[in-house]
Amino acid sequence: MKNKNQQAGDAVSLVYQCALPLSTRTVQYVTDLLRKHLKAIRSRWRSLPAGRIVVIVLAVLRHDQRAADLSGGNGIAATTIRRWTDEVVALLAAGAPRLDRALAKVARRGGEAVLIDGTLIPTRRRTGKDNRKNYSGKHKRHGLHFLALTDERGRLIRISAARPGRTHDITAARHDHIVEHLKAAGLGALADLGFLGLDKDCNDQVVVTGYKATRARKLTTGQKTANRIIAAGRAPGEHGFAHLKTWRILTKLRTSPARATNLLRALLVLTNLELDR
């Protein structure tokens, strides 16, 4: 009897389980959203039930699981998983609020101010001239710039469209007409020194940024105290980014910039669902 050594390529694929730290309410919400969509487009058959599709997609978003890895454990092609992910992300992103509606909702709740800040989501470095604009000199890395608004409690209410990583915070705010929308909603805003000069209306200033020291002009004691108060008021805004970045797919984006806007807005909806549980 001859002994035959089994080749590594002939080994049976092993499947392991991994916890998905999301509430049942979130999974059920996304499942109902997908079922409603499948009914609307009259999709009679899918390789897996809607509930299992949602769990796979959420695993991609939460744990940054590779589609090729998930395909082996679920008997589904990797391209199918990518297509399902794009489909669910588009459905969730459609539920993200517009800027004017988000600010109006804060005003109806009795809010007086929002918090504005920008963040860089790292991306892969691509070759060519087109990728140079994605390099952020401030962060010394490639990425996409997003402008986020949070309420006074640090809850994300709006994510801007993706912009090249070299975009400055104040440039993004001017492009989105933040000051005009704030005045229309009757709200103020707290921001860091990156937004200094955004609101030049001295008689009706709605964006408060604090004071900036220069070599020729040192800050007074009163100005330093004002900066500490503004920094304390802005602290909840960092909590909003912290909650958003628990989705590990944002550790380093591998999707195209054209899809990044939908992805961030979908994650905003999911983040708020988790915070509401």
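Structure notes:
- Qualifying position, being surrounded by fewer than 18 Cβ atoms within 10 Å (Cβ to Cβ), among the charged types (D, E, K, R), over 24 Å from the mean Cα position of the chain (by Cα) and in a helix (DSSP H, G or I), among Arg46, Arg25, Arg35, Arg82: Arg35
- Candidate set: segment 145-155, residues that are in contact (Cβ under 8 Å) with a residue 60 or more places away in the chain and buried (at least 23 other Cβ atoms within 10 Å of the Cβ); chosen: the one nearest to Glu112 (Cα to Cα): Thr150
- Residue list for segment 59-82, filter: under 19 Å from Leu33 (Cβ atoms), of a type outside the set (D, E, K, R) and touching a residue at least 60 places away in the same chain (Cβ under 8 Å): Val60, Leu61
- So Ala96, is it surrounded by 19 or more Cβ atoms within 10 Å (Cβ to Cβ), under 30 Å from Ile178 (Cβ atoms), at pLDDT below 95 and not charged (D, E, K, R): yes
- Tabulated pairs, segment 228-248, first surrounded by fewer than 16 Cβ atoms within 10 Å (Cβ to Cβ), second at pLDDT 90 or above and not in a helix (DSSP H, G or I), C-beta under 7 angstrom, 6+ apart or interchain: Gly233/Leu190; Arg248/Asp64
- Residue match in segment 106-129 (condition: in contact with a Pro (Cβ under 7 Å, 6 or more places away or on another chain) and within 21 Å of Glu274 (Cβ to Cβ)): yes
- Some residue of segment 207-220 being more than 27 Å from Arg109 (Cβ to Cβ), over 25 Å from the mean Cα position of the chain (by Cα), hydrophobic (A, V, I, L, M, F, W, C) and open to solvent by less than 50 Å² (accessible area, probe 1.4 Å): yes
The values are calculated or read from the model by the stated rules, or taken from the named source; none is laboratory data. Being a predicted model, the structure only gives us computed values, none of them experimental. Backbone-built Cβ (ideal geometry, glycine too); neighbour counts: all protein chains shown. Keep in mind that these areas ignore ligands, DNA and RNA; they rest on the heavy atoms of the full protein, side chains included. Shrake-Rupley method; radii C 1.70, N 1.55, O 1.52, S 1.80 Å.
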